[in-house]
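The values are calculated or read from the model by the stated rules, or taken from the named source; none is laboratory data. Predicted model, so just to flag it, every value in this text is computed and none were measured. No Cβ is skipped: glycine too gets one built from the backbone with ideal geometry, and neighbour counts run over all protein chains shown. Calculation scope for accessible area: heavy atoms of the full protein, side chains included, ligands and nucleic acids excluded. Shrake-Rupley method; radii C 1.70, N 1.55, O 1.52, S 1.80 Å.
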Amino acid sequence: MTVPASPGPPGDDVLVVTADHVRPVWRDGVMTLLAMPAAGGRITPAEVPNPTPCCADHA
């Protein structure tokens, strides 16, 4: 797991809040999930399950 702007990977005891959505990628031969900090010392995938489409407010 990779958390940008963090000194290293999260600890084994850090909870991952997925909202039933993960999309890992292969990076240097390792399956990797790009994640970001979440409330309560947890982490969450950087990609959200239902992103707002670009220009949604212009429709």
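Please find, within region 10-22, the residue that is nearest to ALA39 (Cα to Cα) out of those that are in a loop (DSSP other than H, G, I, E, B) and touching a strand residue (DSSP E or B) at 6+ places or on another chain (Cβ under 7 Å).
Start the filter on region 10-22 by keeping residues that are in a loop (DSSP other than H, G, I, E, B), which leaves 10-15, 17-22.
Checking the rest, the ones that are also touching a strand residue (DSSP E or B) at 6+ places or on another chain (Cβ under 7 Å) come to 10, 14, 17-18, 21-22.
Working: PRO10: 14, VAL14: 12, VAL17: 10, THR18: 13, HIS21: 17, VAL22: 18 Å.
Looking at residues that are in a loop (DSSP other than H, G, I, E, B) and touching a strand residue (DSSP E or B) at 6+ places or on another chain (Cβ under 7 Å), I get VAL17.
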Original post:
For the subset of region 42-51 comprising residues that are modelled with pLDDT of 85 or more and open to solvent by 60 Å² or more (accessible area, probe 1.4 Å), which member is nearest to the chain's Cα centre (by Cα)?
Top reply: GLU47
Subject >> Single unsatisfied condition, MET31 versus (1) at pLDDT 90 or above; (2) among the aliphatic types (A, V, I, L, M); (3) not in a strand (DSSP E or B) >> reply: (3)
